[in-house]
1. Could you compute the net charge surrounding Tyr32? Neighbours are other residues with a C-beta less than 10 Å from the C-beta of Tyr32; K and R count +1, D and E count -1.
2. Quick one: 3J(HN,Hα) in Hz for the stretch 38-48, Karplus 6.51/-1.76/1.60 with θ = phi - 60°, rounded, Gly and Pro as x.
3. Could you please state how large a percent of the accessible area of the chain is carbon and sulfur, counting protein chains only and using a 1.4 Å probe?
4. For the stretch 48-88, what log10 I(q)/I(0) values come out of the Debye formula at q = 0.15 1/Å, with one point per alpha carbon and no solvent?
5. Equivalent-ellipsoid semi-axes (√(5λ), Cα gyration tensor) for the stretch 6-115, whole Å, largest first?
6. Once the Cα gyration tensor of the stretch 1-55 is found, what semi-axes does its equivalent ellipsoid get, as square roots of 5 times the eigenvalues, in whole Å, sorted largest first?
7. Evaluate the Debye formula for the stretch 50-115 with equal point scatterers sitting on the alpha carbons, no solvent, and hand back log10 of I(q)/I(0) at q = 0.18, 0.22, 0.25 Å⁻¹, in q order, two decimals.
8. Using a 1.4 angstrom probe on the protein heavy atoms only, could you order Ser84, Ser21 from most to least accessible area?
Amino acid sequence: QVQLVESGGGLVQPGGSLRLSCAASGRRFSRYIMGWYRQAPGKQRELVATITTSGRTDYADSVEGRFTISRDNAKSTGYLQMNSLKPEDTALYYCKLTGSIFEYWGQGTQVTVSS
């Protein structure tokens, strides 16, 4: 069983930055694909970025060039650096670990971009 705890969300002005963290309990963090997702009010949850066990990254078109996903396997922690934030980035952000059999979700951290 793996538990995920996101942190780092908050209120930021347009053009600002935030860094989200996803801390995982248990072992074998390095064996999971890690992803960040978000869900805005009234919308479906969408994929933001993923990072594989080998460090390959992929991004949604809407965040490409502004967001950076990374992971520190020694700390069992993943990150999402978000720059040049826009009001449309406002959402509840979740991290997810995907293994060969199981997947795990965190509870989410709120990001609000507003002046």
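The values are calculated or read from the model by the stated rules, or taken from the named source; none is laboratory data. Bear in mind that the values here come from a model prediction, so they are computed numbers and not experimental data. Heads up, the Cβs are rebuilt from the backbone with ideal geometry, glycines too, and the neighbour counts pull from every protein chain shown. Side chains are part of the model used for accessible areas, which takes the heavy atoms of the whole protein and leaves out ligands, DNA and RNA. Shrake-Rupley method; radii C 1.70, N 1.55, O 1.52, S 1.80 Å.
1. Details: positive: Arg28, Arg31, Arg71, Lys96; negative: Glu103.
Taking every Cβ under 10 Å from that of Tyr32, the sum is +3.
2. 9, 9, 8, x, x, 10, 6, 5, 10, 6, 9
3. Details: 2900 of 6460 Å².
Reported share for carbon and sulfur atoms: 45 percent.
4. -0.37
5. Values: eigenvalues 107, 36, 33 Å².
Calculated on Cα positions only, the semi-axes equal 23, 13, 13 Å.
6. Numbers: eigenvalues 112, 39, 31 Å².
Output for the stretch 1-55: semi-axes of 24, 14, 12 Å.
7. The calculated log intensity ratios at q = 0.18, 0.22, 0.25 Å⁻¹ are -0.78, -1.11, -1.32.
8. Values: Ser84 60, Ser21 30 Å².
Largest to smallest exposure gives the sequence Ser84, Ser21.
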